[in-house]
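The values are calculated or read from the model by the stated rules, or taken from the named source; none is laboratory data. Everything numeric in this text was worked out from a predicted model, so none of it was measured. Cβ sites come from the backbone with ideal geometry, for glycine too, and all protein chains shown count toward neighbours.
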Amino acid sequence: MSEILFVRQEWWETIIAGYLFLGGLAGAIVPVAYYYWIKEKNKMLSLVGGISAFIGIVVGIFLLILDLGIPSHAIEMFISPRLNLGSWMTIGTYIIVLFTIFTGLYTIPFLPWFKIIGGKFTRKQITILGGIASILGLATAAYTGFLLGAAKGIQFWNTPILPILFVASATSSALCFYCAVAAPILLKLYPQFKDIAARVRLQLQRFDLYVMLGELFIIFVYLNIALWGLPGTRESALLLISGSLAPLFWIGVVLIGLVIPIIILWGYTLRIKDERQEVIIASAIAGWMVLIGAFILRYVILTAGVIAVPLI
């Protein structure tokens, strides 16, 4: 019987981690904005959320094309006569393109210049477009996990838990994005946003607290299953828990991306009912920490993927 050497994969690293992060973030931003459109007809959150999601997914697509090396390879995924509709790369490409289109259509009616040039969408049309964009957004966030699961040579990725983890991480990132990026922008551009800022922040952070606790639990389950699973999954899990990736995982993902933000939210910002300056700063710090941790999560999961090489 030949021995097996496990070698870390090297074809998907920082660029693809950025693509997975931006795709998940953009995908989860739209449903949050849509929720406030359905509930309150909040145009400000829909505008900032829609623009941010559109920019995020476009940059993510650019990173994917950059990783492919040749732009024509991306086009071939649509027009190739050997198109593999069973491939998650192909399916995901269609999902992302449709998500980009419908996010743009959902956002356009909220742009100030849209009415100036005579454009008009009814509330019903905006609601339909937002609903489609939100469904495609959630599909985009989940697809990033299914994409890795389709890489059959890497056992650590071949689990249905990964899409669940990526959706939880994307949801947490989107909620924190509104507190770290969108809220400061809205408070600058729209003074009237201050009237609802504290209420929205408390709603988003309260939900995010549960999401982050759930994400910690999912990570715990994911790694424990990997440790007791196949040799390849155990090797990958050990890389994160006690191997070369352990400092980045424990400090970047667990501490910076989850534990410290949970402490800030639970111990401080969720106890304050108004938008004083120090609360805005604390919320922004916690939000940026979650965003950084979400990117690192995808990076370490990618780089922990190992391939079994038989030694003869």
| Considering Leu204, Leu291, Leu209, Leu297, which residue is more than 30 Å from Lys41 (Cα to Cα) and crowded, with 17+ Cβ neighbours inside 10 Å? | Leu297
| Residue in the range 244-264 that is nearest to Leu209 (Cα to Cα), counting only those that are touching a residue at least 12 places away in the same chain (Cβ under 8 Å) and more than 20 Å from the chain's Cα centre (by Cα) | Ile264
| All positions within the range 222-242 that are surrounded by 14 or more Cβ atoms within 10 Å (Cβ to Cβ) and in contact (Cβ under 8 Å) with a residue 60 or more places away in the chain | Tyr222, Ala226, Gly229, Gly232, Thr233, Glu235, Ser236, Ala237, Leu239, Leu240
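Could we say that Leu187 is within 19 Å of Gly50 (Cβ to Cβ), touching a Cys at 6+ places or on another chain (Cβ under 9 Å) and not hydroxyl-bearing (Ser, Thr, Tyr) here?
Details: within 19 Å of Gly50 (Cβ to Cβ): yes; touching a Cys at 6+ places or on another chain (Cβ under 9 Å): no; not hydroxyl-bearing (Ser, Thr, Tyr): yes.
In short, no.
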| query | Which members of the range 244-271 meet the condition of being assigned to a loop (DSSP other than H, G, I, E, B) and either loosely packed, with under 14 Cβ neighbours inside 10 Å or modelled with pLDDT under 90 (or both)? | reply | Ser244
| Residues located in the range 114-137, provided they are crowded, with 20+ Cβ neighbours inside 10 Å and closer than 17 Å to Leu25 by Cα | Gly130, Ala133, Ser134, Leu136, Gly137
| field | Options Gly49, Gly86, Gly131; residue that is of a type in the set (Gly, Ala, Ser) and at pLDDT below 90 | value | Gly86
| said: List pairs: first residue in the range 90-116 and over 16 Å from Leu138 (Cβ atoms), second residue not in a helix (DSSP H, G or I) anywhere in the structure, Cβ distance under 6 angstrom, at least six positions apart or on different chains. | reply: Thr90/Asn84; Pro109/Phe121
| message | Which count do you get for residues in the range 117-143 that are assigned to a loop (DSSP other than H, G, I, E, B), within 17 Å of Ala33 (Cβ to Cβ) and either of a type in the set (D, E, K, R) or touching a residue at least 40 places away in the same chain (Cβ under 8 Å) (or both)? | response | 0
| note | Within the range 138-181, the residues that are surrounded by fewer than 18 Cβ atoms within 10 Å (Cβ to Cβ) and touching a strand residue (DSSP E or B) at 6+ places or on another chain (Cβ under 7 Å) are Gly153
